[in-house]
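Novice: Starting off with a structure, shown below.
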Amino acid sequence: MMSPSCTASPPPSSGDPCTPEQFTCRNQNCISQDQLCDFIDHCGDQSDEEPYICQGFSSRCSFEFDLCSWRQSGMDDFDWLIKAGSTLTGGTGPISDHTLRDPSGHYLYLEGSFPQAAGNSARISGPLLSRRSKHCQVRFFSHMSGEGIGTLSVFRGGEARGFDLLLNLTGDQGHAWQRVEVQLSRQEEDFQVVFEGKVGKNPKGDICLDDISFSSGCLLASEEEDDTPLPPA
């Protein structure tokens with residue numbers, strides 16, 4: 001699922017209590033638990049983005065300071081870079097990040113000009129997620145603007161079974177940050193999410209990422225309490 005980034009309109013309050021599948025905002029609005037801590041103010045009062053709530057969300061990263069728990073791959077051609085403001089090449093890339101919406105804010109980007117060549121790739125991988133994760137999805141914001149945009153792919157998997165392609169975005173997606181959600185179905189083994197960017201046909205092809213987060217149903221493998229076998233699906 002992909003949509004232009006904007007400040008969400010808070011849902012109308014019906015006055016009824018929120019259900020267990022919903023989060024109760026400070027202003028008494030109800031939102032889905034899946035909308036918590038995804039770098040968008042769904043409540044309308046920022047209570048769904050409070051630090052004390054979001055600190056427990058796996059690998060939530062705005063790239064303001066570093067890569068958080070994301071890691072550069074050693075099996076690609078070059079690395080993703082952390083950038084503030086515009087990218088080096090005109091006619092491609094954003095003018096600010098998504099988090100702060102300001103030129104001082106930082107985001108992750110793939111430089112599409114020299115010394116990179118068409119088809120070169122850069123990958124980052126997330127932490128090991130538990131096979132016990134339920135209703136798990138990765139949410140992120142992408143910016144892919146320019147006539148030379150290549151491909152942004154999302155993979156899920158592990159060393160034992162390999163990686164499955166979940167999403168491919170190719171070519172110019174518009175000059176705006178786009179919110180993307182990718183469902184991560186239940187796995188038989190612990191798994192990782194990998195982002196891969198591929199350089200396009202000409203230098204106007206910078207691919208950018210920001211504000212990556214996982215939904216509340218995603219569990220880190222290190223958070224498992226025991227080794228009890230999974231029940232039958």
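Novice: Under 20 Å from Gly174 (Cα atoms), at pLDDT below 95 and crowded, with 23+ Cβ neighbours inside 10 Å - does that describe any residue in the range 111-130?
Specialist: Scanning the range 111-130, I find at least one residue that is under 20 Å from Gly174 (Cα atoms), at pLDDT below 95 and crowded, with 23+ Cβ neighbours inside 10 Å, so the answer is yes.
Novice: Which of the residues that make up the range 199-217 are out of contact with any Phe, Trp or Tyr (no Cβ under 6 Å at 6 or more places or on another chain) and in a loop (DSSP other than H, G, I, E, B)?
Specialist: Val199, Gly200, Lys201, Asn202, Pro203, Lys204, Gly205, Ser215, Ser216, Gly217
Novice: Of a type in the set (A, V, I, L, M, F, W, C), within 22 Å of Phe191 (Cα to Cα), part of a loop (DSSP other than H, G, I, E, B) and in contact (Cβ under 8 Å) with a residue 60 or more places away in the chain: does that describe Phe140?
Specialist: No: the conditions fail for Phe140.
Novice: From the list Gly200, Gly146, which residue is modelled with pLDDT of 90 or more, out of contact with any Lys or Arg (no Cβ under 9 Å at 6 or more places or on another chain) and among the small types (Gly, Ala, Ser)?
Specialist: Within the list Gly200, Gly146, the selection yields Gly200.
Novice: Condition test on Ala122, is it assigned to a strand (DSSP E or B) and either of a type outside the set (S, T, N, Q) or over 19 Å from Leu220 (Cβ atoms) (or both)?
Specialist: yes
Novice: Take Gln192 and decide whether it is closer than 17 Å to Leu108 by Cα and either in contact (Cβ under 8 Å) with a residue 12 or more places away in the chain or of a type in the set (Gly, Ala, Ser) (or both).
Specialist: In short, no.
The values are calculated or read from the model by the stated rules, or taken from the named source; none is laboratory data. None of the values given here were measured: they were computed from a predicted structure. Counting neighbours? That spans all protein chains shown, and the Cβs are built from the backbone with ideal geometry, glycine included.
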